[in-house]
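The values are calculated or read from the model by the stated rules, or taken from the named source; none is laboratory data. Predicted, not measured: the structure shown is a model, and the values here were computed from it. Methodologically, a virtual Cβ is constructed for each residue, glycine included, from the backbone with ideal geometry; neighbour enumeration extends over all protein chains shown. Just the protein is used for accessible areas: all its heavy atoms, side chains included, with ligands, DNA and RNA removed. Shrake-Rupley method; radii C 1.70, N 1.55, O 1.52, S 1.80 Å.
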Amino acid sequence: FLELGFEDTYTVIFEDKEIARHAYGYMVARANVAAGNDFTFTDEGETYAYYYCNSNHRDQIATMQRMEAWLQSKKEKYGKTHATSLRSYHGSSGSSPIILFTAEKVPFTNPNPGSSTNIEQLCSLDFMVQRNPAVRQRYQTIIDLMAKSIVPVHTIHRVDDMISLKLGFIPDRECYLTSLITLIYSIPNAEVVKKFCETFSNGIHVYTFYVRGATAEQLQVTADLINLLPFRPKDVTNIMYNEGLLDAHEVIYCNTLCHFAFYFTPPYKSEDFSELSRELAPHPMSVGRLRTLRNEMFRQIMNYDLIYQLMRTNVGLVKMLYKDFAKGSTTESVAKLEVLCMDQLSSNTRQEREIFRSFLTFNRSVLKTNFFKTNKSAVAYRLDPAFVAKMEYPRVPFGIYFIVGPQFIGFHVRFTDI
């Protein structure tokens with residue numbers, strides 16, 4: 001078992017009893033292979049779990065998702081009092097590369113550190129024992145950077161033939177390992193050789209990845225995307241991203257489209273509504289009440305779930321919309337896309353077709369954006385307000401600015417030049 005090739009720190013971190021436990025799991029995984037099944041094993045206890053899998057991307061993702069589910073199940077009981085410590089060890093069973101994942105909940109040194117940024121006050125009881133001074137200092141650097149930032153921070157440095165990417169942020173769920181790994185693997189030829197996660201009692205999570213096959217510049221671009229992705233477990237675009245249906249830029253774009261469509265897809269005007277509006281025209285207050293009633297009914301059926309599911313079932317069209325946006329939409333390109341979209345959506349409901357028309361309206365309306373800039377904490381768009389004229393707002397603004405972050409959206413509306 002010790003000849004599998006795990007790095008030297010393995011026998012430093014784990015005691016004989018734990019190593020024996022891992023060896024047992026390895027034998028069971030080997031027996032699974034002999035029985036014609038995958039090399040896999042799972043052992044989940046109260047505060048400790050470990051997993052074996054092959055090193056291919058599919059098996060890694062499935063294993064990490066199971067590990068994340070175990071961690072999430074422990075959040076309510078241990079989230080405020082225990083740190084999470086995740087490690088991976090790569091080895092070789094015969095000619096097959098394998099991975100051992102370990103996950104542990106370890107008591108914090110100080111569960112209530114106040115405003116302290118001293119890592120000795122923030123870490124788990126095991127952290128200072130198991131890390132050498134140089135490693136501890138790298139974690140301290142991330143914590144110091146986080147004290148001055150409202151967005152995720154990172155450091156990048158070379159270690160032998162690998163590049164180390166260390167990320168720090170305050171998340172809204174227990175573990176982001178799967179999403180972050182998927183993002184790194186979107187770099188052609190990238191291989192994540194080692195991965196770690198440590199959490200601290202001030203809420204900061206620090207992820208460390210040792211990567212081969214990618215440049216520091218590529219990892220810099222990847223790190224810039226992290227604070228823009230909507231890392232919510234049940235978010236449809238996040239699921240599509242983890243399944244490889246969308247890349248990171250497409251996810252950020254889809255997140256924008258969904259918000260835009262929710263606010264600016266116009267309610268359907270039926271013949272009955274139009275006739276009632278004409279009948280009530282001499283009574284403006286009654287017309288206003290009719291519009292309010294229609295809008296309230298429209299909002300009951302127009303929701304984010306509907307928009308995201310429409311994206312999922314038409315992912316090919318969504319990817320075409322992103323390509324049009326990325327190259328710079330024109331009146332002609334949007335017109336061609338509209339013909340194609342309406343043709344493919346001919347059997348959908350009128351409301352679903354209107355949602356896609358709002359996607360096209362967004363592309364047509366973007367005048368400026370920082371979408372393709374680096375070092376940003378949110379994506380911003382200046383929109384041509386002409387599309388408002390087709391809606392029932394009392395005035396068409398001079399300018400509309402639309403700001404989208406992973407956990408927020410905002411509008412800045414101007415009615416005159418500044």
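Per 0.36 nm of contour for each residue apart, how much would the distance between D343 and K319 grow if the chain were fully extended, relative to their Cα-Cα spacing? List each step's numbers first, then the result.
On the way: separation 24, 0.36 × 24 = 8.64 nm, distance 1.64 nm.
Full extension of this stretch gives 7.0 nm more.
Could you give the size of the charge dipole of the chain about its Cα centre, using +1 on the Cβ of each K and R and -1 on the Cβ of each D and E, expressed in debye and rounded to the nearest 20?
1140
Quick check for you: with a 1.4 Å probe and neighbouring chains kept, what is the accessible area per residue of the chain, in Å²?
On the way: 20720 Å² over 418 residues.
Here the per-residue accessible area is 50 Å².
How many nm is it between the label spots at S95 and A35, if each spot is 7 Å from the Cα in line with the beta carbon?
2.5
Which three lengths, in whole Å and largest first, does the range 137-225 cover when its Cα atoms are put on their principal axes?
Principal extents (largest minus smallest coordinate, Cα): 35, 25, 20 Å.
Could you state the per residue volume, in Å³, of the convex hull enclosing the Cα atoms of the range 1-80?
120
Provide, in order from the shortest bin, the percent of all Cα-Cα pairs of the range 289-380 in each 10 Å bin, continuing until the bin that contains the maximum pair distance.
14, 39, 32, 14, 1
In percent, what relative contact order does the range 35-150 have, based on Cα pairs under 8 Å that are 6 or more apart in sequence?
20
Counting only other residues whose beta carbon sits under 14 Å from that of K373, what net charge do I get with K and R as +1, D and E as -1?
So the environment of K373 carries a net charge of +2.
Using 20 Å as the Cα-Cα cut-off, could you pick out the over-long pairs in K105/K195; K166/K194; K80/K376; K74/K166; K323/K368? If you can, show how the numbers build up before the last one.
On the way: K105/K195 17 Å; K166/K194 12 Å; K80/K376 31 Å; K74/K166 25 Å; K323/K368 16 Å.
Listed pairs above 20 Å: K80/K376; K74/K166.
Determine the calculated [θ] at 222 nm for the chain from helices alone, applying -39500 (n - 2.57) to every DSSP H run no shorter than 4 residues and normalising by the residue count; nearest 500 deg cm²/dmol.
One gets -14000 deg cm²/dmol as the mean residue ellipticity at 222 nm.
7 Å from Cα along Cα→Cβ at both L276 and R21: what's the point-to-point distance in nm?
6.5
Looking only at P266, P107, P188, which one moves most when the chain is put into a Gaussian network model with springs between Cα atoms under 10 Å?
Largest GNM mean-square fluctuation: P188.
Would you mind counting up the charge near F127? Only other residues with Cβ under 14 Å from its Cβ, with Lys and Arg at +1 and Asp and Glu at -1.
Taking every other residue near F127 into account, the sum is +1.
Taking the Cα centre of the range 1-87 as origin and charging only Cβ (+1 Lys, Arg; -1 Asp, Glu), how large is the dipole, in debye to the nearest 20?
Value, rounded to 20: 360 debye.
Which of these, N348, N370, N242, has the largest mean-square fluctuation under a Gaussian network model of the chain (Cα springs below 10 Å)?
Top of the fluctuation ranking is N348.
Return the inverse of the average 1/r over all pairs of distinct C-alpha atoms in the chain, which is the Kirkwood hydrodynamic radius, in Å to one decimal. Walk me through the intermediate numbers first.
Working: mean 1/r = 0.0409 Å⁻¹.
That comes to 24.4 Å for the chain.
Set Lys and Arg Cβ to +1 and Asp and Glu Cβ to -1, take the dipole of the range 35-77 about its Cα centre, and tell me which of Q72, A62, Y48 lies farthest positive.
Q72
With all distinct Cα pairs included, what does the Kirkwood hydrodynamic radius of the range 33-124 come out to in Å, to one decimal, could you say?
14.8
Report D144's accessible area, 1.4 Å probe, all protein chains in place, as a number in Å² to the nearest 10.
60
Under a 10 Å cutoff between Cα atoms, tell me which one of L317, L229, L276 has the largest fluctuation in the Gaussian network model of the chain.
Looking only at L317, L229, L276, the largest GNM fluctuation is found for L276.
Arranged from highest to lowest average of other beta-carbon atoms within 10 Å per residue, in what order do the peptides 244-253, 149-158 appear? Walk me through the numbers before you get to the answer.
Numbers: 244-253: 20.2, 149-158: 15.3.
Ranking, from highest mean packing down: 244-253, 149-158.
In the neighborhood of I187, defined by Cβ-to-Cβ distances under 14 Å, what is the net charge if each Lys or Arg adds +1 and each Asp or Glu adds -1?
Charge balance in the 14 Å sphere: -3.
With point charges of +1 on the Cβ of Lys and Arg and -1 on the Cβ of Asp and Glu, referenced to the Cα centre of the range 136-272, which listed residue (C258, A216, P188) lies farthest in the positive direction of the dipole?
Of the options given, the answer is A216.
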